[in-house]
């Protein structure tokens with residue numbers, strides 16, 4: 001299958017010249033279009049998902065760096081080659097630091113373009129091969145990671161690598177966007193440790209470790225040497241060969257997103273935690289304050305719950321559980337049938353990835369419950385259509401309901417109400433519905449790996465997508481593809 005190339009240049013004759021400079025098909029590529037500015041290029045990329053973008057550095061609308069940022073916002077993994085004049089050399093160097101594959105100097109030399117495309121084809125071939133190899137692993141692995149699975153980690157590990165030690169752990173790691181951290185199925189070794197690494201997200205790696213815990217430094221040394229580039233790391237408890245694979249994975253994942261939730265915490269070891277001290281009593285007082293319409297009491301309870309989280313630093317699944325109990329109170333006393341409440345239940349991974357601190361999280365809940373009941377200015381039908389069109393054009397991107405509300409000059413609560421009225425779904429439910437529908441279409445294309453599809457529809461965590469897909473469709477993506 002040929003790799004798809006989009007050429008972007010505000011001078012049509014330059015774009016035409018590039019498209020005729022080499023025999024693209026012979027080198028494994030096809031030109032799918034030419035765009036004359038950055039804005040139309042972004043639209044092309046959103047709709048056609050090219051594998052390669054060859055773009056001028058300076059253009060009207062969006063310049064090269066802005067286009068590169070837009071490509072990443074769209075969660076496209078397109079490789080970018082910039083075309084630069086000599087005067088923009090430093091500009092091109094910045095682009096390379098931001099993740100561009102290469103730059104070519106005008107006037108473009110045929111041999112230079114050919115060399116760049118041959119090197120790029122090698123990278124694309126490796127990415128495709130890694131994706132297909134990962135698909136062969138993922139189909140079984142994600143079923144086994146289901147909470148109902150009874151698969152033992154020792155049995156799964158034995159099918160992939162030779163066990164040398166008595167103990168097992170799972171390590172989950174998140175990497176910066178521009179870091180290439182290895183292929184699926186990679187074997188890893190260190191003193192007192194062997195392991196099997198699997199890519200389980202766009203920037204996420206899962207390592208099944210087999211270790212000898214009699215050496216207290218083995219794990220720490222492994223993390224220092226093997227995971228030095230990781231931004232966040234979560235490590236499960238140790239288990240023997242009969243330990244549940246799904247349980248250890250969940251422990252590692254909770255620890256990982258705990259390290260994301262607390263920015264100063266790069267690495268977290270999972271442990272069984274006691275309940276958040278004082279939370280149960282504060283929840284009872286909070287409900288009483290809501291029921292009796294005592295805003296000062298509500299504010300105090302939420303502040304003290306926030307302080308409890310900050311001081312005790314519970315794992316993120318505990319914080320999510322606490323917040324979801326508060327959301328239940330919101331829906332109980334403020335209505336849950338389409339009423340204007342912009343708060344929804346959160347999983348631990350959603351909370352960890354939300355970018356909100358504990359203070360911001362509880363302040364958002366307080367602001368909702370303390371909000372004056374002033375009526376919103378109604379949105380006319382055409383504006384509702386504009387909001388829906390905006391969401392439908394960008395549902396694969398990192399959309400935030402608050403940002404949409406600000407753009408269309410409407411309160412968060414009222415926008416939440418309008419979306420529920422228009423679609424019958426909450427904002428997050430509607431985004432998931434659109435992404436799952438697109439994923440089902442893309443799964444019909446056998447040339448796309450499940451990894452590629454996950455990224456195209458807007459998710460970074462393959463495990464999260466797999467669970468969501470199974471919840472909505474009834475089977476995993478791999479099994480759906482075989483139907």
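What is the order of 59, 388, fewest Cβ neighbours within 10 Å to most?
The order, fewest Cβ neighbours first, is 388, 59.
Measure of size requested: the Rg and Dmax of the chain, with Cα atoms as the atom set and Å as the unit; please supply both.
My reading of the Cα-based Rg and Dmax gives 24.9, 77 Å.
What share of the DSSP beta bridges in the chain is antiparallel, in percent to the nearest 5?
So the antiparallel bridges amount to about 55 percent of the total.
I'd like the projected area of region 377-467, averaged over all directions, using the convex hull of its alpha carbons. Report it in nm² with one decimal.
If you wrap the Cα atoms of region 377-467 in a convex hull and average its projections, you get 6.3 nm².
Can you give me the Kirkwood hydrodynamic radius for region 153-269, using every pair of distinct Cα atoms, in Å to one decimal?
On the way: mean 1/r = 0.0715 Å⁻¹.
Mean inverse Cα-Cα distance, inverted, gives 14.0 Å.
Pairs of alpha-carbon atoms within less than 8 angstrom and 6+ residues apart define the contacts here; what relative contact order does the chain have, in percent?
12 percent.
Run the helix sum for the chain: -39,500 (n - 2.57) per DSSP H stretch of 4+ residues, divided by residue count, reported at 222 nm to the nearest 500 deg cm²/dmol.
Estimated from H runs of four or more residues: -16500 deg cm²/dmol.
Only Cα pairs under 8 Å and at least 6 apart count here; give the relative contact order of region 18-72 as a rounded whole percent.
Relative contact order of region 18-72: 34 percent.
How much length is gained on full extension from residue 155 to residue 386, taking 0.36 nm per residue of separation minus their Cα-Cα distance?
So the chain would gain 77.8 nm between residue 155 and residue 386.
Where q = 0.19, 0.23 Å⁻¹, what log10 of I(q)/I(0) comes from the Debye formula for region 3-125, counting one point per Cα?
-1.00, -1.60
With a 10 Å radius around each residue's Cβ, average the other Cβ atoms per peptide and rank 245-253, 222-230, highest first.
Working: 245-253: 23.1, 222-230: 16.2.
Packing order, densest peptide first, comes out as 245-253, 222-230.
When the Kirkwood hydrodynamic radius is evaluated over all pairs of different C-alpha atoms of region 214-344, what value in angstrom, to one decimal, is obtained?
Evaluated on region 214-344, it is 17.2 Å.
Can you give me the Cα centroid spacing of region 74-128 and region 429-481 in angstrom?
30 Å
Using a 10 Å cut-off around each Cβ, can you sort 232, 381, 167, 472 from fewest to most neighbouring Cβ atoms?
381, 472, 167, 232
Expressed as a whole number of Å, what is the distance separating the alpha-carbon centroids of region 216-289 and region 1-46?
46 Å
Determine the gain in length on full extension of the stretch residue 280-residue 406; use 0.36 nm per residue of separation and subtract their C-alpha separation, reporting nm with one decimal.
So the extension gain works out to 41.8 nm.
Relative to the present Cα-Cα distance, how much length would full extension add between residue 118 and residue 10 at 0.36 nm per residue of separation?
36.3 nm
Considering the Cα positions of region 279-370, please state its Rg to one decimal place and its Dmax as a whole number of Å.
When restricted to the Cα atoms of region 279-370, Rg and Dmax are 12.4, 36 Å.
All of the numbers you see were taken from the coordinates with simple rules; none came from a lab. Computed from a predicted model, the values in this text were never measured in an experiment. We place every Cβ from the backbone using ideal geometry, glycine too, and count neighbours over all the protein chains shown.
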